[in-house]
Amino acid sequence: MTMTTRTVEKYETTATAQRIADRVHGARHLLVVTHDRPDGDAIGSTLAFARAARSRGVHATIMLTGPFDPSLRTLLVDEQPLFAPGSNPPEDVDLIAVLDTGAWSQLEHLGSWLRTRIDQCVGVDHHRTGDTGFADRIVDVSSASCTQVLIPIIQAMGVRLDTPGTGGAGSIAEALFAGLATDTGWFRFSSADAAVFSLASRLIGAGVQKDRLYRQLEETARPQRMGLLARALGNMKWVANGRAAVMILSPEDFTQSSGSAEDLAGVVNAPMTIGQVEVSALLSLNEPGPTIKFSLRSKPPAIAGGFFVDVNRLANEFGGGGHVHAAGAKFKGTMAEASAAITKALERALP
């Protein structure tokens, strides 16, 4: 198959919700994928989209790549997704939905395969930057989660979201709520605006059990997470006059705690409970190699219109991205070099 490439001049919406819905309706086999190391929004989006397509008679397969928080596996219920690396995508797919990312750097395991099928791809995202170049894509940076961006598409497919009793475990509504809740920090972040609460109300009205879902997703960590948190805090240093924290986790830390990359969820947030801290950074390397992962978090302004750090811009300096208050990147080099680089960037951002 001939590889097709496009130059993305501006990462923005190029299709309507109806256009995406029509392409789904015309597909024989839909493959739904998302970024490597998927979070709650990524998994919620893939589940909701695949389930919506199946409800309209379209055969849909989900493929997830890389490690992710074990608690998110509880959302899969009876799903049997393919996992990469390890499994290959089905060769008979004629439509591929790439959700919650538009960056090739976040599609490391599937990128080469997707590039040979770019005309079969549609994209749905809520991040500000991307370079995938899909002809049909919807990018809504005003949405708090990718699951929120999916709402008009799913409605254009003729699928109801707010019918009472349709929001139980394994439902479209539950998957949508999971993405919305986790990407807004359970409605704590500034992105949780009136539209978010309105959508959450609709989904709860459909039967989503938010208390059960919170326990299922946020209170089922393995003991190893506490071990990694303890070691991260033990390695923490204050920078930028104490307004930022940098934590480090080396392969030895993962070995000593018996932890894995799947146990990292929430670790970066720990220093944010300190009043003067504006930004928290976690540098992690769970196995020997040249690529270190940056996880970055920042607080919204203490007063309306006040100062805050846009960690998406900070991550952009290292080829990464994300959201204003939550982003990530990768760094090739030693841990000492990575620590020095992020420290320098934080001191620039926090004069």
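Kindly indicate the residue of region 108-120 that is under 24 Å from residue 329 (Cβ atoms) and in contact with a Phe, Trp or Tyr (Cβ under 9 Å, 6 or more places away or on another chain) and also surrounded by the most Cβ atoms within 10 Å (Cβ to Cβ) among those meeting that condition. Explain how you work it out, then say what you get.
Step one: filter region 108-120 for residues under 24 Å from residue 329 (Cβ atoms), giving 108-115.
After this cut, where a residue has to be in contact with a Phe, Trp or Tyr (Cβ under 9 Å, 6 or more places away or on another chain) as well, the list is 111, 114-115.
Numbers: 111: 15, 114: 20, 115: 16.
Ranking the qualifying residues of region 108-120, first place goes to 114.
Looking at 98, 124, which is the one that is modelled with pLDDT of 95 or more, of a type in the set (A, V, I, L, M, F, W, C) and either surrounded by fewer than 20 Cβ atoms within 10 Å (Cβ to Cβ) or touching a Lys or Arg at 6+ places or on another chain (Cβ under 8 Å) (or both)?
So the residue among 98, 124 that is modelled with pLDDT of 95 or more, of a type in the set (A, V, I, L, M, F, W, C) and either surrounded by fewer than 20 Cβ atoms within 10 Å (Cβ to Cβ) or touching a Lys or Arg at 6+ places or on another chain (Cβ under 8 Å) (or both) is 124.
Only residues that are under 21 Å from the mean Cα position of the chain (by Cα) and surrounded by fewer than 16 Cβ atoms within 10 Å (Cβ to Cβ): list them for region 188-209, please.
The answer is 188, 190, 193, 195, 197.
Quick check on my filter: what residues within region 48-95 are hydrophobic (A, V, I, L, M, F, W, C), in contact with a strand residue (DSSP E or B) (Cβ under 8 Å, 6 or more places away or on another chain) and surrounded by 16 or more Cβ atoms within 10 Å (Cβ to Cβ)?
Within region 48-95, 49, 50, 53, 58, 60, 62, 63, 64, 82, 84, 93, 95 meet the criteria.
Has region 314-324 got at least one residue that is small (Gly, Ala, Ser) and assigned to a loop (DSSP other than H, G, I, E, B)?
Yes, the conditions are met somewhere in region 314-324.
Can you pull out the residues in region 301-351 that are surrounded by 16 or more Cβ atoms within 10 Å (Cβ to Cβ) and β-branched (Val, Ile, Thr)?
Once the filter is applied, which keeps residues that are surrounded by 16 or more Cβ atoms within 10 Å (Cβ to Cβ) and β-branched (Val, Ile, Thr), region 301-351 yields 309, 311, 324, 342, 343.
Per-residue answers, yes or no, for (1) without any contact (Cβ under 8 Å) to a residue 60 or more places away in the chain; (2) under 23 Å from residue 208 (Cβ atoms); (3) of a type in the set (D, E, K, R); (4) not assigned by TED's automatic domain parsing to the domain that holds residue 332:
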{"site": "73", "(1), (2), (3), (4)": "yes, yes, yes, yes"}
{"site": "77", "(1), (2), (3), (4)": "no, yes, no, yes"}
{"site": "84", "(1), (2), (3), (4)": "yes, no, no, yes"}
{"site": "88", "(1), (2), (3), (4)": "yes, no, no, yes"}
{"site": "93", "(1), (2), (3), (4)": "no, no, no, yes"}
{"site": "97", "(1), (2), (3), (4)": "no, yes, no, yes"}
{"site": "100", "(1), (2), (3), (4)": "no, yes, yes, yes"}
{"site": "106", "(1), (2), (3), (4)": "no, no, no, yes"}
{"site": "111", "(1), (2), (3), (4)": "yes, no, no, yes"}
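Criterion first (touching a Lys or Arg at 6+ places or on another chain (Cβ under 9 Å) and within 18 Å of residue 326 (Cβ to Cβ)) does residue 294 satisfy it?
Values: touching a Lys or Arg at 6+ places or on another chain (Cβ under 9 Å): yes; within 18 Å of residue 326 (Cβ to Cβ): yes.
The answer is yes for residue 294.
Of all residues in region 140-150 being surrounded by fewer than 21 Cβ atoms within 10 Å (Cβ to Cβ) and of a type outside the set (Gly, Ala, Ser), which is modelled with the highest pLDDT?
140
Taking the stated definitions as given, is residue 60 under 30 Å from residue 261 (Cβ atoms) and outside any loop (DSSP other than H, G, I, E, B)?
yes
Residue 232 - would you say it is hydrophobic (A, V, I, L, M, F, W, C), closer than 27 Å to residue 130 by Cβ and not in a strand (DSSP E or B)?
Values: hydrophobic (A, V, I, L, M, F, W, C): yes; closer than 27 Å to residue 130 by Cβ: no; not in a strand (DSSP E or B): yes.
In short, no.
When you scan region 281-292, how many residues do you find that are crowded, with 19+ Cβ neighbours inside 10 Å and either at pLDDT below 95 or among the small types (Gly, Ala, Ser) (or both)? It would help to see each step written out before you state the result.
At the first step, the residues of region 281-292 found to be crowded, with 19+ Cβ neighbours inside 10 Å are 281-286, 292.
Next cut, either at pLDDT below 95 or among the small types (Gly, Ala, Ser) (or both) only: 281, 284, 286.
Here the count works out to 3.
Sort out which residues of region 210-231 are more than 22 Å from the chain's Cα centre (by Cα) and crowded, with 17+ Cβ neighbours inside 10 Å, and write them in order of number.
If the condition is that a residue be more than 22 Å from the chain's Cα centre (by Cα) and crowded, with 17+ Cβ neighbours inside 10 Å, then 227, 231 are the ones that fit.
Mind listing whichever residues of region 182-217 are small (Gly, Ala, Ser) and touching a Phe, Trp or Tyr at 6+ places or on another chain (Cβ under 7 Å)?
Result: 200, single match.
Under 29 Å from residue 306 (Cβ atoms), hydrophobic (A, V, I, L, M, F, W, C) and at pLDDT below 95 - does that describe any residue in region 170-189?
Yes: one or more hits.
Restricting to region 246-280, and then to whatever is hydrophobic (A, V, I, L, M, F, W, C), within 17 Å of the chain's Cα centre (by Cα) and outside any loop (DSSP other than H, G, I, E, B), can you tell me which residue is surrounded by the fewest Cβ atoms within 10 Å (Cβ to Cβ)?
Going residue by residue through region 246-280, those that are hydrophobic (A, V, I, L, M, F, W, C) are 246-249, 254, 261, 264-265, 267-268, 270, 272, 274, 277, 279.
Narrowing the set further to residues that are within 17 Å of the chain's Cα centre (by Cα) leaves 261, 264-265, 267-268.
With the extra rule that they be outside any loop (DSSP other than H, G, I, E, B), the set shrinks to 261, 267-268.
On the way: 261: 19, 267: 23, 268: 23.
Across region 246-280, the extreme among qualifying residues is 261.
The values are calculated or read from the model by the stated rules, or taken from the named source; none is laboratory data. Since the model is a prediction, treat every value here as computed from it, not as a measurement. Every residue, glycine as well, gets a Cβ built from its backbone with ideal geometry; the counts of neighbours run over all protein chains shown.
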